[in-house]
Each structure stands twice: as structure tokens, then as C-alpha cells.
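Undergrad: Can you keep this structure in mind? I'll have questions shortly.
The values are calculated or read from the model by the stated rules, or taken from the named source; none is laboratory data. Please read these numbers as outputs of a predicted model, since none were measured by experiment. Note that each Cβ is placed from the backbone with ideal geometry, even for glycine, and that neighbours are counted across all protein chains shown. These accessible areas exclude ligands, DNA and RNA; they are computed on the full protein's heavy atoms, side chains included. Shrake-Rupley method; radii C 1.70, N 1.55, O 1.52, S 1.80 Å.
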Amino acid sequence: MRFKNFYIAALSLLVLLSSCADKLDLYPYSAISPDAITEKDLPALRVGMYNDVQNDPGALAFVLFDILGGNIHTASGAPVDLINSTLTPLSGAVSTGWNGYYGALYQVNNVISICENMEANATRNTSLGEAYYFRAYLYYCLLTRWGGVPILSKNTLEKLPRNTPAEVWAFIEQNLTDAEKLLGESSSYYYVSKDAVLALKARVLLDQNKDGEAAAVAEGLITSGKYKLDAFEKIFRKQSNTEIIFAFENRTEESGINISDLFYSYAHPNRGQGNYRVTQTMVNSFASSDKRGDISLINIAGTYTLNKYPSGQTGKDPVIISRIAEMYLISAEAKGRINGIDRLNELRRFRGLTDLSVTSDEQYEEAILNERNLELFGENFRFYDLIRTQKALSKLGILDHQQLLPIPGRELQYNTNLVPNYGY
């Protein structure tokens, strides 16, 4: 969704920053007081908020965990070379992501501040609930990349130190709780709903090893009757489907996010830069009966690449944040081998695969990771899946400190209260 520049200026929802790297330096050089914003301005505020959360972090932010996850390489090197070249304090992917998440957070905090000063009504409650969700989502992205980061519960001029990971997790959960109280159904899955909040909550709980709670939330969505597993050609070709819980619409005229341009080459009819390719190991992971294969992968002039975002340079594609298949995988993982394998096999059967039978918890954990890799390839999960299950060092061949991204170098220079991540 796109918020036109004249609206931004009029409502002062964004500020001019002294440097693109100084995202914690939030000086309002030109601003109308938030007190001047009225309820009639809320629709424009919402559009601006959606726009910033989607677009500010950049296209790479939505596939970074795939790029770092060992299934992607460039024409000139192996996956570990791509990981090493990305994980440096001077990396554009690192700095753009950090700057973008904190830039979007400034917009979200503005909406929260404005809404909290308004009387409760349906429009205000929806806007505030969406803002709480987005703040949780942004901090989830920050935490899973950099670990403990500064918590900004409101916009400030202070140069803040880093909070602990535990404090950030708690902040994420509190924002999801606040959002859940305010939201209900949405007009489409391109807008945040209570179910979108619950889907992110299930992910957050799983990542903290709160397995019982994670399974309960995931199962609640699975059994609600609102969602069903659906065909990949519907999910990733912008057709009506029963699987998506929340996605960014990413309209051609309204967004700068174009993921497929990074993967398709000029040998494809829709063209692209062709920067990233899929490893043969990942290609071989898809069985011939797997219904996900043709939509997940495409061979362009002898080179396999990601195919979930089909527009190339001719347009833009939706970016899915949550869908019901992830809830199946969360439930299966959180319940464990004895109680969870039925959900895993239910998903596999729908995708054209046979049931799995495992005899140990270690085999089951590996089966879950493999299934997540096949189901969620290209959706920004793989690297952190390996981090949280303590598999990254052995599977990726990275160094211990590379389990976190480096804090951007310019950010460390600007804010001396920040402590760099170990090893960088």
C-alpha cells in the first residue's frame, strides 16, 4: 500500500532524518503536532503505516533468511561465500534492514501515540490494533536478526542502549496481547486481523520453546474452520485461496518491493537481475510427486531459481507473512513426535507425499526442519530455523558469531551506547 507524499507532509507522519543510517535519531525537523490529527485522518495514517512497514526494510529483508539459509548461491560462489559476504557491518542488506525496520517503527509509534490519545471507537481501535501488531512484527524481525536491540515504546531523541533478548521477547508478546484485544475480522487477508495476530503469536511462542502455548494457538487457527490447506498455484499466483492469513498486497503502482527481480534472469519472459540461484541440493530435495515443486522452483536456461514470486520486472507480487501451513508445522513441532506427527503427515499428504514414520525425537526434529524447508522455501524462515534449533553451525559451516547479524557500522559510530555483536 502506498501513502502519497503530500499526505505524509500534511500529516507529518515521517520526519527528515540527518542520515539514512541514523534511524534512532528521530528529530522532527518539520512536523504538525500529533494532537492536530483527527479521526478523519486515520485512514490515511493506516495506509502510511502499511506502506512503511512493507517497504522501508527493502526487498532483501523478505528473503534474507533464505539467502543466509544455505539453499541460495550466486553465479560466482557457494552458499557459505554468500553468507560471508552478507554478514559484514558494511553490508547494504544489513544496514538497509536495520534502518528500514527502525524507520517503519517511527511511523508505527506515531500511529500508536495518536490513537492512544483518541476516544475509543471502531476506526481508532482497528488502527491501534494494527499498529500494535506491526510493532510486534518489526521487533520480531529485529530480534531474530540482531538479538537484543533498543526498545522504543515511544519515539525519543535519546541514544538508547540495547535491551536483552528476553526483554524484547516480552515486549513483542505484550504488543500482540494488546493487538489481540482490539482486532477482529478484516475485510481481506491484506489487512491485519486478530487471526494474523494469533499466527504471529504462535511463531513467537514456538521460537521461545513455549511449546504447549504455541501448539494451542496454532491448533486454534487450524480448527477454526476459516482456513484450509490450498494449492501452491493459488497461494503464489494471487488467486483466491483458503490458506493465507495475512500478506502485504504489494501492488505494482504502490510498492518498491520486487522480490522476483532478484531471482529471475533475462532469459525468463518476465526478466530479472538473476542475482540468486538455488543449490542443486535444494532442487533434489523436492520429490517428483511433491506438488510444491513447480511453483517453488523454475529452471531458466539451465539454472534453477525461486519461482514463488512470478512477476519478474513486469510487476510486483504479494508477500505472505502468515499462512495456515505454517500453523500445521508449528503444531507438529510443538506437540513433539508422539502427538505431532499426524499434523506433519496431514500436510505431507496434501502436498503429494507419503506419511513419515520416525523412531526417535532426533529424527523427528530433522523431519520437521526438512518439511519447513520444502514448504516455506523463499518465505524467509530457513536461517532462523537453523539458528533456533542449534543446527546452523553444522549445516551451514558458519562461525559461532555469525548466528547474529552485525550491527551496521555507521549505527555504532552514531550511537556509542550500542554494543556490537560479538565477533564483528
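Undergrad: No solvent, one uniform scatterer per C-alpha: report log10 I(q)/I(0) for the range 200-329 via the Debye equation at q = 0.14, 0.22 1/Å, two decimals.
TA: -0.75, -1.24
Undergrad: Here's another thing I want to ask about it. Report the gain in length on full extension from Lys291 to Lys40: 0.36 nm times residue separation, minus Cα-Cα distance, nm rounded to one decimal.
TA: Length difference between fully extended and current span is 85.7 nm.
Undergrad: Still on this structure, please answer the following. Run the accessible area of the range 253-340 with a 1.4 Å probe and give the carbon-and-sulfur part as a rounded percent.
TA: 43 percent
Undergrad: Ok, one more. Please report the relative contact order for the range 90-217, taking Cα pairs under 8 Å with a sequence separation of at least 6, and give it as a percent rounded to a whole number.
TA: Rounded, it is 22 percent for the range 90-217.
Undergrad: At 1.4 Å probe size, with the rest of the protein present, what percent of the exposed accessible area of the range 86-170 is carbon and sulfur atoms?
TA: C and S fraction of accessible area: 53 percent.
Undergrad: Return the FRET efficiency for the residue pair Asn299, Thr164: r is the Cβ-Cβ distance, R0 is 41 Å, and the value is rounded to the nearest 0.05.
TA: Efficiency for this residue pair is about 0.35.
Undergrad: Pop the C-beta distance of Val283 and Tyr424 into the FRET formula with R0 = 30 Å and round what comes out to the nearest 0.05.
TA: So, using R0 = 30 Å, E works out to roughly 0.35.
Undergrad: Now for a different question. Report the FRET efficiency, 1/(1 + (r/R0)^6), for Ser357 and Arg271, where r is their Cβ-Cβ distance and R0 is 56 Å, rounded to 0.05.
TA: My answer for the efficiency is 0.80.
Undergrad: Might you tell me the accessible area per residue for the chain, computed with a 1.4 Å probe and given in Å²?
TA: 40 Å²
Undergrad: Go ahead and estimate [θ] at 222 nm for the chain from helices alone: -39,500 (n - 2.57) per DSSP H run with n ≥ 4, summed, over the residue count, rounded to 500.
TA: -14500 deg cm²/dmol
Undergrad: Stokes-Einstein diffusion coefficient for the range 288-424 at 37 °C in a medium of 0.692 mPa s, Rh from the Kirkwood formula over Cα pairs: what value in µm²/s?
TA: Here the translational diffusion coefficient equals 185 µm²/s.
Undergrad: Just how many % of Cα pairs in the range 100-153 lie over 12 Å apart, if you round to the nearest whole percent?
TA: Of all Cα-Cα distances in the range 100-153, 63 percent exceed 12 Å.
Undergrad: Ranked highest first by average number of other Cβ atoms within 10 Å, how do 322-330, 234-242 line up?
TA: 322-330, 234-242
Undergrad: Could you tell me what a quarter of the Cα convex hull surface of the chain works out to, in nm² with one decimal place?
TA: If you wrap the Cα atoms of the chain in a convex hull and average its projections, you get 19.6 nm².
Undergrad: I've got another one for you. Under a plain spin-label model, where a point goes 7 Å from the Cα along Cα-to-Cβ, how far apart in nm are Ala216 and Lys181?
TA: The modelled label-to-label distance comes out at 1.9 nm.
Undergrad: Cα atoms only: what Rg and Dmax, in Å, come out for the range 92-221?
TA: Calculated on Cα positions, Rg and Dmax stand at 14.8, 43 Å.
Undergrad: With charges only on Cβ, +1 for K and R and -1 for D and E, what is the dipole size of the chain about its Cα centre, in debye, rounded to 20?
TA: 620 debye
Undergrad: Okay, moving on. Taking the Cα centroid of the range 233-303 and of the range 80-119, what is the distance between the two, rounded to the nearest whole Å?
TA: The two parts, judged by their Cα centres, are 25 Å apart.
Undergrad: Report, in debye and to the nearest 20, how large the dipole of the range 191-272 comes out about its Cα centre when Lys and Arg carry +1 and Asp and Glu carry -1 on their Cβ.
TA: So the dipole magnitude of the range 191-272 works out to roughly 120 debye.
Undergrad: Let me ask something else. In nanometres, what is the gap between the two model label sites at Glu346 and Ser188, each 7 Å from Cα along Cα-to-Cβ?
TA: Distance between label points: 2.9 nm.
Undergrad: When all C-alpha to C-alpha distances in the range 345-423 are sorted into bins of 10 Å, what percent of pairs does each bin hold, rounded to whole numbers?
TA: 15, 34, 27, 14, 9, 2
Undergrad: Between Thr389 and Ser76, what length in nm is gained on full extension when 0.36 nm per residue of separation is reduced by their alpha carbon distance?
TA: Value of the extension gain: 109.7 nm.
Undergrad: Please sort through the DSSP H helices of the chain and keep those with an alpha-carbon extent of at least 30 Å along the long axis and a Kyte-Doolittle average not below 0.0.
TA: 92-116
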